[in-house]
């Protein structure tokens, strides 16, 4: 941008740009689980209804939210909870316990975590319980004490639900679903998982106590809606301090969404994956280039960002190593066998080739069968990109790989 | 070459940074723009990959320490279990905040505890406003730990709800890391190899003060000419450059040539470098042995290498046994009968071994206990291995486990 244009764009000073970066980076990197929802109104209503019945009417329930990675499961749940908490009754009474399969890797740890989140560590003290069920029952009973005739509803949220399935005897799941079936305390168990076959992983006794209520999230928007999502994600909110700049920014976003190059970039990404995380990654890369001298995102920024994102990683590594796959008969440079072996070992270390079976002392090392973990197109692409590739290597590759 | 420029950091610091990372300006520039200002959020996880000695570790360390960004640096090969790794991160975190005088060991068993302790540790004023970077070098080792460690690190920003970015450095590509059920995808960044021009520039920076920069550059040029075909690893080339420079300077030191006599210097150094390729490059001999050889300044003759065949001294009969075993193991059965006298032919491998042995040894050999004990010791040395069950009535079967080169060397 020329100096004159910078002056014209007015409020593009350091403070303003910093604010833009702050808002957008938080949106793309940190608050993705609380971002806007797109195209899942039906599932939203279903979940809202379910949770209302627990919190307001005291019904126990269980449900599984199933969707591939980045389809918005956590975001959906957080949105529903936010709306629910606008009701005073819910805000004051609802108890939340959030468990994650990555963190609570066995049932003992999970139980301690539940105790901690319910703030019942003092109440439990040093008590020793005979079984998991006893312990859990004690906790729920403890919640009931106090001046309430009915106890507060408890919401158990199990993230990475498919990891809990691998615990011994699925004790935690069994007990949680069990209490959600008995009418003692209003308890709802919500599991979030990316595995579509989650029901097959549940044991019979666990499965029978589960309500079989499943909410599927399937990224079912089409490309038109995808462009709209792009615009909404990139737009600055109305509360942005510098209004005139926000106006300019949003107009620019509108322009971008109509630009052919940008639409091509988005089309490519849309065909590769529909999930919004990849879109966020692309937008984050574009936003990171915004500076005082370059205050508005351009189509080329997005194009550059997409190139960065879609690079074939193995082709990068492979093209540096073409030389070492020469056979002795072809090479003009006479390398000793040990030197070639050293290079071959480096290939193994990079995991580009892998032995088919574990090497043992029975077989000689040089004669171990190997498997190449790349395909022909990757090798040919790498050779094209490789600077100063010797002609004989290229010819040899072309002749050997062409008939495959 | 783009100059590094960023509104959040003073120009002087950036200039210093630029001088410390030659030939890596574009990667550093990208990282700077991704990191953004100190208090801004960045990608929850970044995966940097590239060949060995492509500068990943060096650039990250230099970038974070020059700009004084709060960071924790751990090598996953050193801290190879999850407990060691998590405890090391928590210990280093203590020294990130200036309030603690002494660092103490923080016991941490599980990732659940780690998240709790981590949130406590970053609650200090220093760390609350800035992005904390956790750099895990040799990240491929994470795959060998418990299955939850890698996915949990990728999501650490979400799990702890704090401003933290995890950076993974590795030689292996991301596709080989991804767990089966998927995970939070990091931002991947590739560090390409240094080109020959880059290597020339970086290696020439280390010139010793006694000689001129041009002289050293010419030396590096020759070195790269010989070694670039086989080796682009900066560390190895630096090692080779240091080892061989004194030999290169010899003609000048002895007064036979001056600094600009390139032909003479080339003729002196070229055979030396070729020899280096076969020995020091392959680490057949140690650097001190190599330097010794240069001082002795003669034809080295039989270099005592590290590789097996020049080192193993076997007793007389053991050598023949080994050769016989090799022939028995790898010669096709038809030729066996042809080459060796029919009298000694038998199906049992052990006796086949002895049969071949008898044919190749000149004098008469009796199947004494001595021979059998030598067979057992060859098995202990793992030069032979047993095949088949222990309770086979015909006697144990053996197989030779060494290569033809070894056999040739033994046969000399």
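The values are calculated or read from the model by the stated rules, or taken from the named source; none is laboratory data. Remember, predicted model here, so these are calculated numbers, not experimental data. Note: ideal-geometry Cβ built from the backbone for every residue, glycine included; neighbour counts use all protein chains shown.
Here are a few things to note about the model shown:
- Hits in the stretch B:159-179 (condition: within 14 Å of residue B:132 (Cα to Cα) and out of contact with any strand residue (DSSP E or B) (no Cβ under 9 Å at 6 or more places or on another chain)): B:160, B:161
- If you go through the stretch A:115-127 and keep only what is within 14 Å of residue B:116 (Cβ to Cβ) and buried (at least 18 other Cβ atoms within 10 Å of the Cβ), you end up with just A:115.
- Check on residue B:43, touching a strand residue (DSSP E or B) at 6+ places or on another chain (Cβ under 6 Å) and within 14 Å of chain A (Cβ to nearest Cβ): yes
- Within the stretch A:66-95, the set of residues being within 14 Å of another protein chain (Cβ to nearest Cβ) and assigned to a strand (DSSP E or B) comprises A:66, A:67.
- Residues located in the stretch B:252-266, provided they are over 17 Å from residue B:217 (Cα atoms) and in a helix (DSSP H, G or I): B:253, B:254
- Check on residue A:277, modelled with pLDDT of 90 or more and in a helix (DSSP H, G or I): no
- Filter result for residue A:26 (at pLDDT 85 or above and within 22 Å of residue A:249 (Cβ to Cβ)): yes
- Every listed requirement among (1) away from every other protein chain (no Cβ under 14 Å); (2) under 23 Å from residue B:55 (Cβ atoms); (3) surrounded by 18 or more Cβ atoms within 10 Å (Cβ to Cβ) is met by residue B:193 save one, (1).
- Matching entry among B:18, B:88, B:99 (being at pLDDT below 90, more than 14 Å from chain A (Cβ to nearest Cβ) and part of a helix (DSSP H, G or I)): B:18
- Residue check, residue A:176 buried (at least 20 other Cβ atoms within 10 Å of the Cβ) and more than 26 Å from the chain's Cα centre (by Cα): yes
- Of all residues in the stretch B:48-85, those being within 15 Å of residue B:140 (Cβ to Cβ), surrounded by fewer than 19 Cβ atoms within 10 Å (Cβ to Cβ) and within 14 Å of chain A (Cβ to nearest Cβ) number 2.
- Search result, residues across the stretch A:273-300 that are within 17 Å of residue B:31 (Cβ to Cβ) and more than 11 Å from every other protein chain (Cβ to nearest Cβ): none
- Neighbours by Cβ (under 7 Å, 6+ apart or cross-chain): first from the stretch B:98-110, more than 14 Å from residue B:121 (Cα to Cα); second at pLDDT 80 or above and part of a loop (DSSP other than H, G, I, E, B): B:110/A:105
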